[in-house]
1. Being in contact with a helix residue (DSSP H, G or I) (Cβ under 8 Å, 6 or more places away or on another chain) and either within 26 Å of G469 (Cα to Cα) or modelled with pLDDT under 95 (or both), is that true of even one residue in the stretch 326-335?
2. Return yes or no: is G147 open to solvent by less than 10 Å² (accessible area, probe 1.4 Å), in a loop (DSSP other than H, G, I, E, B) and at pLDDT 95 or above?
3. Might you let me know whether the stretch 417-427 holds any residue that is in contact with a helix residue (DSSP H, G or I) (Cβ under 9 Å, 6 or more places away or on another chain), open to solvent by 30 Å² or more (accessible area, probe 1.4 Å) and either of a type in the set (S, T, N, Q) or outside any helix (DSSP H, G or I) (or both)?
4. Out of the stretch 260-296, which residues are over 19 Å from I52 (Cβ atoms) and either touching a helix residue (DSSP H, G or I) at 6+ places or on another chain (Cβ under 8 Å) or acidic (D, E) (or both)?
5. Surrounded by 17 or more Cβ atoms within 10 Å (Cβ to Cβ), on the phi > 0 side of the Ramachandran plot and of a type in the set (S, T, Y): which single residue out of T236, T203, T240, T231 fits that description?
6. For L301, work out the one condition from (1) open to solvent by 10 Å² or more (accessible area, probe 1.4 Å); (2) assigned to a loop (DSSP other than H, G, I, E, B) it doesn't fulfil.
7. When D193 is evaluated against the numbered criteria (1) among the acidic types (D, E); (2) open to solvent by less than 60 Å² (accessible area, probe 1.4 Å); (3) closer than 29 Å to H442 by Cα, which criterion, by number, is the only one it fails?
8. How many residues are open to solvent by 60 Å² or more (accessible area, probe 1.4 Å) and in a loop (DSSP other than H, G, I, E, B) when one looks only at the stretch 450-474?
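The values are calculated or read from the model by the stated rules, or taken from the named source; none is laboratory data. Not measured: the values here are computed from a predicted model. Methodologically, a virtual Cβ is constructed for each residue, glycine included, from the backbone with ideal geometry; neighbour enumeration extends over all protein chains shown. Protein only, heavy atoms only, side chains kept; ligands, DNA and RNA dropped before computing areas. Shrake-Rupley method; radii C 1.70, N 1.55, O 1.52, S 1.80 Å.
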Amino acid sequence: MRRAALATFLGLSLAATTLAAAQAQAAPNNPVLADLVTLKNVRHHQNNLQKISDANGGNRAAGLPGNVITVKYLADQLKRAGYSPTVQQFAFDFWQEVSEPAFAQTAPAPKTFTPGTDFQTLQYSGAGNVTAAASPVDPGATGLGSGCEADDFAGFPTGNIALIQRGGCFFSVKADNAVAAGASAVVIYQLPDQPGPVAGTLTKPYGIPVVGPTNAVGKALVEQAQNGGVTLNVKTDTFTEKRTAANVIADTPRGNPDNVVVLGGHNDSVLEGPGINDNGSGIAALLEMAKQINKLKAKQLRNKVRFAFWGAEEEGLLGSQYYVDNLPEAERNKIALNLNFDMIGSPNFVRFVYDGDNSTGGSTVPPPAGSGAIEKAFHDYFASKKLASDQSAFNGRSDYNAFITVGIPAGGLFTGAEGIKTAEQAKVYGGEAGKAYDPCYHSECDTYGNVDLKGFDQMIDAAAAVTQGFALSTLTVNGNEFARRQAPAKRTLPDHLGHYATR
């Protein structure tokens with residue numbers, strides 16, 4: 001990023017009281033972080049993550065060797081850059097689907113359903129091979145689904161398979177009620193307006209099989225059960241045990257320790273692939289920013305910057321939540337804001353900025369005051385470069401969720417995952433309309449080549465520029481005040497934990 005552009009950005013983003021200082025830091029004899037953080041060096045880190053994955057089973061998933069080595073790589077690189085990183089370990093419920101599930105109607109007429117197309121296994125489903133009659137649970141429920149109340153299971157035959165419509169409450173609530181009623185397996189079928197099978201998480205391990213078919217499959221089974229009965233076979237082969245994952249955290253030596261800017265991205269991939277965009281792109285950019293940011297002068301780095309590489313995000317945002325839950329309140333109140341970088345190199349990209357002022361209405365938790373100022377900082381940067389940017393729903397799907405639920409302002413960048421690029425977006429950003437922003441999302445082809453280099457370079461520059469702005473001043477976000485955070489009365493589970501739906 002050129003110095004003139006940085007001056008423009010900082011002038012837009014900072015209040016009049018700090019404008020002179022912001023312009024001074026962009027003077028020719030002062031370093032510019034976006035110039036120091038090069039695409040070449042970020043790609044070097046991505047290439048190393050690819051090598052780690054290739055040598056360790058093709059992934060970097062939490063609880064597996066590829067992630068253990070990723071954590072060691074991050075810590076080693078930070079040490080080489082002069083940091084004293086903390087490796088914060090935590091236990092989690094490792095879950096894996098060992099072999100392909102089976103789901104079939106065995107009577108009155110045999111019919112076999114296809115995994116991935118007709119149904120999916122919910123995360124934390126137990127293992128089992130159950131053949132039993134199926135009983136619909138509150139099949140007349142409209143809109144809000146069924147199985148959310150114990151009374152929905154009145155008269156449920158012990159040992160039967162529960163047929164439950166999605167909606168109205170968390171999957172875990174439905175499963176808990178089904179288990180209490182004596183169900184031998186649970187089938188949670190999709191809502192009418194949602195395509196595909198249910199891709200969800202139960203958030204904790206269960207001892208019986210739980211699968212999620214499409215609405216068409218579920219409705220047909222309910223109809224058959226109501227008109228003569230239906231027998232199903234549900235077979236799942238899953239494995240669960242306690243394992244360890246880790247966050248890697250490092251603070252800049254300089255900067256106000258009572259006003260901390262936390263930058264985060266998750267260090268794990270899914271089991272299915274190496275995760276070089278998701279989220280090798282985010283952590284590679286963070287790592288290079290960490291290596292370069294101490295080249296800024298003291299007057300540029302007034303606030304302490306904390307680099308955080310979160311563990312087990314793909315398992316349900318576990319590392320960031322563990323960090324926030326175990327941070328003393330006095331330390332929480334020193335955090336000025338959180339910037340999250342999760343997937344910033346998608347090949348069919350859009351320059352998305354998290355919707356911190358909730359103007360799209362997509363937030364499941366009201367964004368803390370100051371989040372809108374973070375959003376504006378990114379949009380202002382892109383505008384200064386004459387680049388378009390769009391909003392991404394602030395819906396709790398990434399690691400910023402742990403921060404906003406305790407009242408810490410947050411924001412960040414995203415280039416898109418499984419969502420489909422519109423024709424209008426293709427006109428603005430290029431790429432292909434009608435295709436996913438990242439066609440390799442959560443698959444084995446999320447490799448070193450799964451990136452649009454031009455878009456990735458732009459997002460790296462934006463991340464570095466906004467980081468430098470907030471390293472200088474967080475006035476527009478929190479007024480440099482350290483009052484107690486405005487937190488919700490009770491932390492609520494978001495509709496998604498990572499890529500898994502919770503309800």
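1. yes
2. For G147, the condition - open to solvent by less than 10 Å² (accessible area, probe 1.4 Å), in a loop (DSSP other than H, G, I, E, B) and at pLDDT 95 or above - is met.
3. no
4. Matches in the stretch 260-296: V261, V262, L263, G264, M289, Q292, I293, K295, L296.
5. T203
6. (1)
7. (2)
8. 0
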